[in-house]
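Computed from the coordinates by the stated procedures, all read-outs in this text should not be read as laboratory data. Since the model is a prediction, treat every value here as computed from it, not as a measurement. Heads up, the Cβs are rebuilt from the backbone with ideal geometry, glycines too, and the neighbour counts pull from every protein chain shown.
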Amino acid sequence: MTRPGTEAQPLRVAIVGAGPAGFYATDQLFRTPGLVVEVDMYDRVPTPYGLVRAGVAPDHQKIKAVTAAFDKVAANPAFRFFGGVELGRHLSVDDLRAHYHMVLYTTGAQTDRRMGIPGEDLQRSHAATEFVAWYNGHPDYRDLTFDLSQERAAVVGVGNVAADVARILSRTPEELAATDIADYALEALSASRIREVYVLGRRGPAQAAFTNPEVRELGELAGADVTAQPEEVEPDELTRQALERAPDRATQKKIEIIKEYARRTPTAKPRRLVMRFLVSPVELRDDGTGAVGGMRLVKNRLYATATGTLQPKATDQFEDLPVALVFRSVGYRGVPLPGVPFNDDWGVILNAKGRVLDPQTKHPLVGQYTAGWIKRGPTGVIGTNKPDAAETVAGMIEDLARDIHLRPADPSPAAVERLIRERQPQYLSYQDWLRLDEIETRRGRETGKPRVKFTRVKDMLAALGRA
Amino acid sequence: MTIASLLAKKGPKVVTVQPEQTIRQALALLAEHNIGALVVVDPESRPIGILSERDVVRAAVRDEAVFTKTVSALMTRDVILGVPQDDLESVGRTMTDKRIRHLPVVDQRRLVGIISIGDVVKAQRDLYRGEVENLQMELTEEHGRPTGR
């Protein structure tokens, strides 16, 4: 038998996860000279784009434009999409091994890191990721509820997700109405009684992960005054030394923006967004009913590790924050896939440069690969997944050249389709998605929004005339 | 970004050597794994030094009998150790400033990985490429097609 990758025997690749990493990898495969390849992409939700649809904030439409590039990739006749098909539920790793030469996992980081403090599991303490999935209309999260009748909320963390959550909580109904936020979320947020939103960073402004455009946006909200405390935003000695040694304009600018917030006098806007630095939650207090009634903070100071990284160290000064709603945004973490080796240290699939490793021998498993956040952990921007996917695809091509790949019993596209029709007859194809996309954007045009999302699988099927 | 994400895709394998092993054995490990340095560990797998190809080259110039010497005789003892929570940026700066090519990484004193200056450069390059990619996408959106705004 000839090596796969030719007209006579195309290389058959399964990609699990229809987010940026999966699409970038598909694009790289299609662009590989001389390679004849067919890609089947799976996702457990019926719609593609992963976090671009369910993670990127609804008031950040510009970045969602990357989906146009994904649609171009999907238009290749050698590409198929099976939406609503879940690994471990409808298909097993063995099923994939029986039908593909190579399998690529791009499932992202589906859960949040925990803070590890008492009271974390009280009611009204939420993972920011769940709130994000909820306001973005993710079918698995749309039925969650958040008690927005409280007046004070805290967002723990100072990354871009934390900034998104703080901003969405602080936006006016009018601002939100012009976005593609889920309609039930718009309704709930319009009735929100939140007056104060605290954003809590354990280090100083210079070490905060959020990027300058995100910080700047917090100062331009129609219905919320942003504020910060002068003594917390002034760089300490170690930070000043670090900046002198390696001047960095973006960081300088970030500090300036936040210092300016500390100097602002509040206008009469209905909400306040309070940025706090050098504080860590140590406990969430029970209000007596099993829900958050307050948060105890410890103040931190910075110390330098051996490599010069400035890290927080708790002092003996505490403070109580009267918040009754908490969103944890201290990082994402990957979830193990059934039948795929996992590296618990880092919360990723066990891999070396994208080749999945056997946990016993530490050698690569034949024909199994990974890319994106489930490969390297949750870092970088959407575009970072392009070089990341390229690294993995380079390994795939290298292995193919050495004839290292799975030997599937039946690699024909028809055989897979038969199997999926049997296991998950309600799956959505890319054609189905493009029809939904058209309906969503049409509904948006009628109401002055980018789109109105379908948030229930049964509504999607009904719109396609399949319910 | 922390260096945890560099370690996450390097697999669990850190090639180590014991201080009483010979330089010949150490060189065999360097060649077998195609790497430039070995972390020297004590019986509890805690790093106590690092042996780089340069350490061996320097010694070999003076001493024909280098192969039979022990690792402990040639290794660098004063090793800077990283932790997974270290920022990529400060790690890169420290490695450049102090001319360190390999940084063992420990978590609660347990060796969890090693990072080379090449890993750092590649990670920084990928971050910049990612940002450029994002900016290009946004520009294409603004100028390439109607945005409705």
Segment A:264-380: C-alpha gyration tensor shape, a/c 1.5 cut-off, then a/b vs b/c: prolate
Principal-axis tilt of helix B:53-62 within chain B, Cα atoms, nearest 10 degrees: 40
C-alpha center-to-center spacing [segment B:1-72, segment A:1-65] in angstrom: 40
Global geometry of the protein assembly as shown, whether rounded, prolate or oblate, following the gyration tensor of its Cα atoms and the 1.5 cut on a/c: oblate
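Work out the mean other chain Cβ neighbour count within 10 Å for the residues of A:338-349 and drop it here as an integer. Don't skip to the answer; put the middle values down first.
Numbers: counts 0, 0, 0, 0, 0, 6, 0, 9, 11, 2, 5, 2.
If you average over the peptide's residues, the count of other-chain Cβ atoms is 3.
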Cα gyration tensor category, rounded, prolate or oblate, for segment B:4-144 with a/c compared to 1.5: prolate
Over segment A:1-110: Kirkwood hydrodynamic radius from C-alpha pairwise inverse distances, Å: 14.6
Backbone HN-Hα couplings from phi across segment A:364-375 [Karplus 6.51/-1.76/1.60, Hz, Gly and Pro as x]: x, 7, 4, x, 10, 9, 8, 8, x, 4, 6, 9
Average beta carbon contacts from partner chains per residue of A:12-22, 10 Å cutoff: 0
Chain A - mean residue ellipticity at 222 nm from DSSP helices (-39,500 (n - 2.57) per run, n ≥ 4, rounded to 500): -9500 deg cm²/dmol
Value of [θ]222 nm, deg cm²/dmol, for chain B, DSSP H segments ≥ 4, -39500 (n - 2.57) each, nearest 500: -13500 deg cm²/dmol
Residue of B:M137, B:M75, B:M95 that the Gaussian network model of chain B assigns the largest fluctuation, springs spanning Cα pairs under 10 Å: B:M137
Relative packing of A:241-254, A:104-117, B:96-109, which averages over residues the other C-beta atoms within 10 Å, highest first: A:104-117, B:96-109, A:241-254
Longest to shortest principal axis, alpha-carbon extents of segment A:113-331, angstrom: 50, 37, 33
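So, by mean Cβ neighbours within 10 angstrom, what's the order for A:443-452, A:41-50 with the highest one leading? List each step's numbers first, then the result.
On the way: A:443-452: 16.0, A:41-50: 24.3.
Packing order, densest peptide first, comes out as A:41-50, A:443-452.
Please average, across the residues of B:93-104, the number of beta carbons from any other chain that are within 10 Å of each residue's own beta carbon, and give a whole number.
Values: counts 6, 6, 1, 1, 3, 2, 0, 1, 0, 0, 2, 0.
Mean shielding count: 2.
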Karplus-derived 3J(HN,Hα), 6.51/-1.76/1.60, for each residue of segment B:97-105, Hz, glycine and proline x: 4, 9, 6, 9, 9, 9, 10, x, 10
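Could you sort the peptides B:63-70, B:121-128, B:37-44 by per-residue average Cβ neighbour count (10 Å cutoff), highest mean leading? Please report the intermediate quantities before stating the final value.
Values: B:63-70: 13.0, B:121-128: 16.1, B:37-44: 18.1.
Going by the mean number of other Cβ atoms within 10 Å, highest first, we get B:37-44, B:121-128, B:63-70.
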Lysines with Cα under 28 Å of A:K353, excluding same-chain neighbours fewer than 8 positions away: A:K64, A:K72, A:K362, A:K375, A:K386, B:K9, B:K10, B:K13, B:K98, B:K122
J(HN,Hα) series, segment A:137-143, from Karplus relation 6.51 cos²θ - 1.76 cosθ + 1.60, nearest Hz, glycine and proline x: x, 5, x, 6, 10, 5, 8
